[in-house]
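Read-outs: derived from the displayed coordinates by stated rules, not from any lab. Fair warning: this is a prediction, and the values are worked out from it, not measured in the lab. We place every Cβ from the backbone using ideal geometry, glycine too, and count neighbours over all the protein chains shown.
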Ligand SMILES: C[S@@+](CC[C@H](N)C(=O)[O-])C[C@H]1O[C@@H](n2cnc3c(N)ncnc32)[C@H](O)[C@@H]1O
């Protein structure tokens with residue numbers, strides 16, 4: 001038997017990107033990695049939209065650039081080889097959506113991981129940049145060294161966000177083996 005609708009966290013995260021990102025949107029992939037999310041985003045925003053993509057590893061930027069070139073979608077993506085902690089130095093315009101896929105680069109150096117302190121700095125700056133009713137999606141992995149600490153710090157931070165300004169949702173599989181990742185979905189409220 002195969003599940004089709006809520007198979008795993010990664011498929012759920014893709015479903016959510018498809019649900020929330022529209023033609024013409026300005027979005028950020030805060031951890032481009034192998035470029036899978038960047039590719040999805042670049043299709044969804046269309047030729048009028050824009051995707052900013054961050055990664056601290058040259059290898060990740062190169063793999064993502066190659067994937068976008070192969071799909072003729074590099075024209076709407078601005079790749080930034082730097083930490084997402086510095087998001088405010090690169091982006092000043094209001095954002096429709098920001099996605100973080102935390103952890104290490106698959107098929108890369110597993111010692112290079114996202115870390116609680118830089119992740120939280122980035123998330124707090126990115127929440128400022130979000131438009132009203134903008135969405136932040138975070139996929140958090142707990143199976144690698146450092147992952148659980150990052151998840152705990154993230155939850156502590158997200159759990160304290162003012163309910164009048166943000167809606168924060170956590171989604172997790174309760175019956176999957178091998179410590180499956182979790183999703184956090186944050187919506188910024190509108191002022192009305
Ligand atoms: C799980 S991977 C991302 C996978 C990617 N979303 C995909 O679809 O292939 C996590 C990435 O975060 C990157 N990373 C780690 N710390 C970072 C930071 N401070 N700023 C930006 N990227 C970072 C790693 O280099 C790695 O490529």
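Could you tell me which of rounded, prolate or oblate describes the stretch 94-175, using a ≥ b ≥ c as the square roots of the eigenvalues of the alpha-carbon gyration tensor, with rounded for a/c under 1.5 and, failing that, prolate when a/b is larger than b/c and oblate otherwise? Prolate is the answer for the stretch 94-175, as a/c is 1.5 or above and a/b outweighs b/c.
Its Kirkwood hydrodynamic radius, worked out from the mean inverse distance over all distinct Cα pairs, puts the stretch 144-192 at 12.4 Å.
Taking label positions 7 Å along the Cα-Cβ direction at both residue 192 and residue 128, the computed distance is 2.8 nm, reported to one decimal. With each run of n ≥ 4 DSSP H residues scored as -39500 (n - 2.57), what mean residue ellipticity at 222 nm is computed for the chain after dividing by its residue count and rounding to the nearest 500 deg cm²/dmol? That comes out to -10500 deg cm²/dmol. If you sort the three axes of the alpha carbon gyration tensor as a ≥ b ≥ c, you get a/c of 1.5 or more for the stretch 118-164 and a/b above b/c, which makes it prolate. Here r is the Cβ-Cβ distance between residue 173 and residue 110 and R0 is 22 Å; the resulting FRET efficiency, rounded to 0.05, is 0.45. Sorting 10-20, 154-164, 168-178, 106-116 by their mean Cβ neighbour count within 10 Å, with the most densely packed peptide first, gives 10-20, 106-116, 154-164, 168-178.
Distance from the Cα centroid of the stretch 58-94 to that of the stretch 114-142 is 17 Å (rounded to whole angstrom). Looking at the chain alone, DSSP beta bridges between its own residues are antiparallel in about 45 percent of cases. Would you please classify the overall shape of the stretch 22-164 from the alpha carbon gyration tensor, given that a ≥ b ≥ c denote the square roots of the eigenvalues, rounded means a/c under 1.5, and beyond that prolate means a/b larger than b/c while oblate covers the rest? Taking the square roots of the gyration eigenvalues as a ≥ b ≥ c, the stretch 22-164 is oblate. For the stretch 10-128, the relative contact order is 27 percent, taking Cα pairs closer than 8 Å that sit 6 or more residues apart in sequence and dividing their mean separation by the residue count.
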